[in-house]
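> The structure that follows is given in the form of structure tokens.
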Amino acid sequence: MSNATVAALPASKATVNDQIKYRSQAVAKPYFVAAIGLFIGQILFGLIIGLQYFKGDFLFPAIPFGTARMVHTNLLIVWLLFGFMGAGYFLIPEECERELYSPKLAIITFWVFLVAGALTILGYLGLPYNVLAHLTGNDLLPTMGRGYLEQPLITKVGIVLVALSFLFNLSMTLLSGRKTSISIVMMLGLWGLAIFFLFSFVNPNNLVLDKYFWWWVVHLWVEGVWELIMGAMLAFVLVKVTGVDREIIEKWLYLIIAMTLITGIIGTGHHYFWIGTPGYWQLLGSVFSALEPVPFFMMTVFAFNMVKRRRREHPNQAATLWALGTGVMSFLGAGVWGFLGTLSVVNYYTHGTQLTAAHGHMAFYGAYAMVVLTMISYTMPLLRGREANSAAAQKLEKTAFWVMTLAIVGITLSLTAAAVTQVSLQRLSAAPLSFMETQQHIMPMYWARFGFGLCFFTGLMMYVTSFFVTGKRES
Ligand code: HEM
Ligand code: HEM
Ligand SMILES: [Fe+2]
């Protein structure tokens, strides 16, 4: 990196210190702070829609359910992307043993992404969706109106530019630096993320084709390329906190990504059962997706195995807990709850029910929210100039881990109970009830979900508070 770019870095003690190996890694910090801020927003909107499930006119007409739901899911994706980017900017220089190609570009990219994200959310909340679509050029190239991909065209273009800037910066760093399995898998995953996002611009008039390609973003992200990012981040933190030989960790990583790609790509077929695609997807989708839990299970075994074989006691115990938690919860949420509805003969009854929502919550939290929190837990103390947080701060962080994780278990179990009632009354019964009649029978479960949602929010507040707790250093 040129001296000019180094000089462009903020030189305050708060961002540059002797705990991080390369000064430019400090750019990760604002990304992580933004991720946590948006996470809080996501959960607040989760509580709003959770409440609207049994009090339908809550906040009506200011924030209708459809709008709040969109904000909830879009904030989720955006904060995870901030998390992945922060992780990339920290991990790649360290693995490549050199400064980031351009820290200045990373900071500019941060502000562009934050402002574009904030304007988009304000657009969702302040304008009727069709007006927003009209104002932002949806007539030129219609891309809006599909779950997770609701962003206006200009935001989508902005996301591509941000991703390009990020990938350019990291790829240039990697090209002239040390190449490790961890950094290569991370980069493969990040490039894949950007490439599959391009399918959000594909929006054929034919509804079958529309849904077909929609899953190339939604499914091939979470059950494909994001798993590579997750594996790399988990491996990175495990190398650091356990001191286990890189060769062992790398072998695991290769096995995990091979299994991910073997099962996950054709596994897309579990979304092609009822959308008008050829009948062979029933078999292909069922068989391959039934094997998708394997790489998630390997991640669990991997994390526990490495911690068991550890060669050092790292003072950051909270980061180790998050890493182990990610292993377990991603297997439960993606592997077990995903499997519950993945065989076409079962999916025929469970498709689009509360079982899907139960799985969506535990999988997104257990895999992606938790792996980002693992990375933040490991890196934030370093970015703030200490090897690990004080014992008191770690204690609160660990409590927050348990409160949030158990709250997600509660949300998942409430929604699974809701699904059992829904499927039996609406789909299996000899005299099926209508959708809305069935919903009346599920109300207690929605109350329970809201209660666990409040617990989750409490856990998140404890987590945020843990950043401000001082006290005697453990190391
Ligand atoms: C971390 C990884 C995963 C995440 C984040 C995730 C998330 C989701 C989400 C949010 C949905 C709902 C999509 C929608 O219709 O809007 C979904 C659907 C589905 N997922 Fe996953 N998933 C993951 C892994 C898996 C795995 C490993 C399996 C199979 C073993 C699986 C099986 C399914 C099935 C069958 C559906 C469709 C449910 C239906 O027909 O209603 N998922 N997933
Ligand atoms: C306070 C806690 C939360 C509450 C009360 C809540 C509530 C909700 C509600 C009511 C929906 C709409 C379901 C529907 O359309 O029928 C939803 C969707 C969703 N939420 Fe949450 N949520 C919470 C936390 C989370 C967390 C922590 C995550 C992930 C990290 C998450 C990820 C999602 C996803 C992926 C969807 C779309 C699921 C689908 O289409 O099946 N939520 N949430
Ligand atoms: Fe899928």
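> Once neighbouring chains are kept in place and the probe is 1.4 Å, which whole percent of the accessible area of the range 237-475 is contributed by carbon and sulfur?
Looking at the range 237-475 in its full context, I get 70 percent from C and S.
> Further, regarding this structure: Are there any chymotrypsin sites (Phe, Trp or Tyr not before Pro) in the range 125-216 that are in a DSSP loop and have at most 16 other Cβ atoms within 10 Å? List them by number.
Sites meeting the loop and neighbour criteria: Tyr148.
> Shifting gears a bit: Using helices alone, I'd like the mean residue ellipticity at 222 nm for the chain: each DSSP H run of four-plus residues gives -39500 (n - 2.57), total over residue count, nearest 500.
After summing the helix terms and dividing by residue count, I get -23000 deg cm²/dmol.
> Let me ask something else. Using amide H atoms built 1.01 Å from N in the peptide plane, name the residues 5+ places from Leu433, or on other chains, whose amide H lies under 5 Å from its own.
Gln426
> Run the dipole for the chain about the Cα centre, Lys and Arg Cβ at +1, Asp and Glu Cβ at -1, nothing else charged, and hand back the magnitude in debye, nearest 20.
1060 debye
> Ranked from the most accessible area to the least, with a 1.4 Å probe and all protein chains present, what is the order of Trp226, Trp447?
So, going from the largest accessible area down, we get Trp447, Trp226.
> Per residue, how much accessible area does the range 235-373 show when a 1.4 Å probe rolls over the protein heavy atoms, in square angstrom?
With the other protein chains kept in place, the range 235-373 gives 39 Å² per residue.
> To the nearest 20 debye, what charge dipole does the range 237-475 have about its Cα centre, counting +1 at the Cβ of each Lys and Arg and -1 at the Cβ of each Asp and Glu?
It works out to roughly 760 debye.
> List the relative contact order of the chain as a percent without decimals, with contacts defined as Cα pairs under 8 Å and 6+ residues apart.
15 percent
> Karplus couplings for the range 139-149 from phi (6.51 cos²θ - 1.76 cosθ + 1.60, θ = phi - 60°), rounded to Hz, Gly and Pro as x?
Result, ordered by residue: 5, 5, 9, x, 10, 8, x, 10, x, 6, 10 Hz.
> Just going by the charge dipole of the chain, with Lys and Arg at +1 and Asp and Glu at -1 on Cβ, which of Phe288, Ala363, His271 is farthest out on the positive end?
Selected residue: Ala363.
> Among the lysines, select those whose C-alpha is under 22 Å from the C-alpha of Lys308, and discard any that sit fewer than 8 residues away in the same chain.
Lys240, Lys251, Lys395, Lys398
> Now, a different point. Sort 412-424, 47-59 by the packing proxy (mean of other Cβ within 10 Å over each peptide's residues), most packed first.
Sorting 412-424, 47-59 by mean packing, highest first, produces 412-424, 47-59.
> Using packing as a proxy for protection, rank 279-289, 261-271, 373-383 so that the peptide with the highest average count of other Cβ atoms within 10 Å comes first.
Averaged packing, sorted descending, gives the order 373-383, 261-271, 279-289.
> Picking from Leu343, Ile376, Trp111, whose Cα lies most toward the positive end of the charge dipole for the chain (charges on Cβ: Lys, Arg +1; Asp, Glu -1)?
The one lying farthest along the dipole's positive direction is Ile376.
> Can you run phi through the Karplus equation (6.51, -1.76, 1.60; θ = phi - 60°) for the range 35-44 and list ³J(HN,Hα) in whole Hz, with x for Gly and Pro?
4, 5, x, 6, 4, 4, x, 4, 5, 4
> Follow-up question, since we're still on this one. May I ask you to derive the FRET efficiency for Ile195 and Glu97 from their Cβ-Cβ distance with R0 = 30 Å, giving the value to the nearest 0.05?
Computed FRET efficiency for Ile195 and Glu97 comes out at 0.65.
> Starting from the Cα gyration tensor of the chain, multiply each eigenvalue by 5, take the square root, and state the resulting semi-axes largest first in whole Å.
Semi-axis lengths for the chain are 35, 25, 24 Å.
> Under the Kirkwood approximation applied to all pairs of distinct alpha-carbon atoms, what is the hydrodynamic radius of the range 170-295 in Å?
15.9 Å
> So, one more: In square angstrom, what is the accessible area per residue of the range 20-179 with a 1.4 angstrom probe?
40 Å²
> Once Lys and Arg get +1 and Asp and Glu get -1 on their Cβ, which of Trp79, Pro30, Leu44 lies farthest toward the positive end of the dipole of the range 20-179?
Projecting each Cα onto the dipole axis, the largest value belongs to Pro30.
> Rounded to the nearest 20 Debye, what is the dipole magnitude of the range 110-264 about its Cα centre when Lys and Arg each give +1 and Asp and Glu each give -1 at the C-beta?
Here the range 110-264 has a charge dipole of around 240 debye.
> State the three equivalent ellipsoid semi-axes of the range 23-117, derived from the C-alpha gyration tensor as the square roots of 5 times its eigenvalues, in descending order and whole Å.
Value: 36, 11, 8 Å, ordered largest first.
The values are calculated or read from the model by the stated rules, or taken from the named source; none is laboratory data. This one's a predicted model, so the numbers in the text were calculated from it and none came from an experiment. Cβ: placed from backbone, ideal geometry, glycine included. Neighbour counts: every protein chain shown. Accessible surface is based on the protein model in full, side chains and every heavy atom, while ligands, DNA and RNA are left aside. Shrake-Rupley method; radii C 1.70, N 1.55, O 1.52, S 1.80 Å.
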